[in-house]
1. Return the residues of segment 101-127 that are of a type outside the set (A, V, I, L, M), within 19 Å of residue 185 (Cα to Cα) and open to solvent by less than 40 Å² (accessible area, probe 1.4 Å); say none if nothing qualifies.
2. Find the strands (runs of 3 or more DSSP E) located wholly in segment 124-241 whose residues include 1 or more that are in contact with a Pro (Cβ under 8 Å, 6 or more places away or on another chain) and in contact (Cβ under 8 Å) with a residue 12 or more places away in the chain, and list them.
3. Name the residue that is surrounded by the most Cβ atoms within 10 Å (Cβ to Cβ), counting only residues in segment 134-153 that are within 23 Å of residue 30 (Cβ to Cβ) and within 10 Å of the ligand (Cβ to nearest atom).
4. Looking for something in contact with a helix residue (DSSP H, G or I) (Cβ under 8 Å, 6 or more places away or on another chain) and modelled with pLDDT under 95 - is there at least one such residue anywhere in segment 106-126?
5. Where in segment 1-93 are there helices (runs of 4 or more DSSP H), lying wholly inside it, with at least 2 residues that are away from the ligand (no atom under 16 Å from the Cβ) and of a type in the set (S, T, N, Q)?
6. So, residue 156, is that one surrounded by fewer than 22 Cβ atoms within 10 Å (Cβ to Cβ), in contact with a Ser or Thr (Cβ under 6 Å, 6 or more places away or on another chain) and not aromatic (Phe, Trp, Tyr) or not?
7. Can you name the residue in segment 29-63 that is open to solvent by 30 Å² or more (accessible area, probe 1.4 Å) and in contact with a Leu (Cβ under 8 Å, 6 or more places away or on another chain) and is also nearest to residue 143 (Cα to Cα) among such residues?
Amino acid sequence: MKTIICKDYDEMSKKAAEIITKQVKEKPDSVLGLATGSTPIGLYKCLIEEHKENGLDFSKVKTVNLDEYVGLGEKDDQSYIYFMRDNLFNHINIKKENTHVPESNKEDLKLDTEKYNKLLDDIGTRDIQVLGIGVNGHIAFNEPDDKLNLRTSIVDLTEETIEVNSRFFEKKEDVPTKAISMGLEDIFDAKCIILLANGKSKKEAIDKILNGKFVDTNFPASLLHLHPNVVLIVDEEAYNG
Ligand code: GLP
């Protein structure tokens, strides 16, 4: 795992944006795997700036997102589809039909997972996958457990994740308890994975990745050691605490 230590959140975001900008310039029809959460917002701001000021062209780019809450419609401002439109898609020249966020239609969740797995198979290996990390080491919504899913599945969120993510909702009871999430095999199907982490709350998790010489399904991010091309971009707070 290659590690890049940045002085702060802005530098971390710019570094990640540089890698993605280079990728899209070199291969205009790149397939990008995207993430939600507060961490990649700065990266998306930089990409919007690249588009508006330097004409970075997303017209042939395709994107797939990692996960989505079950039960929130696309109009709910806490849904990940809303987040992606609001923080990126609506501000660049990407074609709506080229953007993909898993759907979670409560009536037939199994069908939703099958549809997303088919989509991932059709779209093929991503050029870059952006990843954040939960304080408990989750990646996408793969929570610590004795077994982890290989493919897109419906997952139960842990009490800890519900608590941590409740900061975005009016009250804790509003946080969905289930999500649809890419599995580990899906996340790994990328030529390069950029793992982003900033702030003190991520220090323990980053320390475990960098200094724990192990892989453990009860700390899902540790499995990233098994991917041949992961770039960890952290700020000093996440690195030093
Ligand atoms: C959510 C997402 C993850 C994300 C994590 C960290 O649970 N499913 O993909 O990495 O939160 O979020 P944040 O970046 O806000 O710390």
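1. Hits for segment 101-127 are 102, 112, 113, 116, 117, 124, 126, 127.
2. Strands (runs of 3 or more DSSP E) meeting the threshold: 126-131, 178-181, 190-197.
3. Of everything passing the filter in segment 134-153, 140 is surrounded by the most Cβ atoms within 10 Å (Cβ to Cβ).
4. For segment 106-126, residues in contact with a helix residue (DSSP H, G or I) (Cβ under 8 Å, 6 or more places away or on another chain) and modelled with pLDDT under 95: absent.
5. Hits in segment 1-93: 9-26.
6. no
7. Result: 62.
Residue-by-condition table, conditions (1) over 14 Å from the mean Cα position of the chain (by Cα); (2) over 30 Å from residue 212 (Cα atoms):
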{"residue": "8", "(1), (2)": "yes, no"}
{"residue": "22", "(1), (2)": "yes, yes"}
{"residue": "38", "(1), (2)": "no, no"}
{"residue": "59", "(1), (2)": "yes, yes"}
{"residue": "69", "(1), (2)": "no, yes"}
{"residue": "74", "(1), (2)": "yes, yes"}
{"residue": "92", "(1), (2)": "yes, yes"}
{"residue": "109", "(1), (2)": "yes, yes"}
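The values are calculated or read from the model by the stated rules, or taken from the named source; none is laboratory data. Small disclaimer: the values here were computed from a predicted structure and weren't measured. For neighbour counting, all protein chains shown are included, and Cβ atoms are generated from backbone atoms with ideal geometry for every residue, glycine included. Heavy atoms of the whole protein, side chains included, go into the accessibility calculation; ligands, DNA and RNA do not. Shrake-Rupley method; radii C 1.70, N 1.55, O 1.52, S 1.80 Å.
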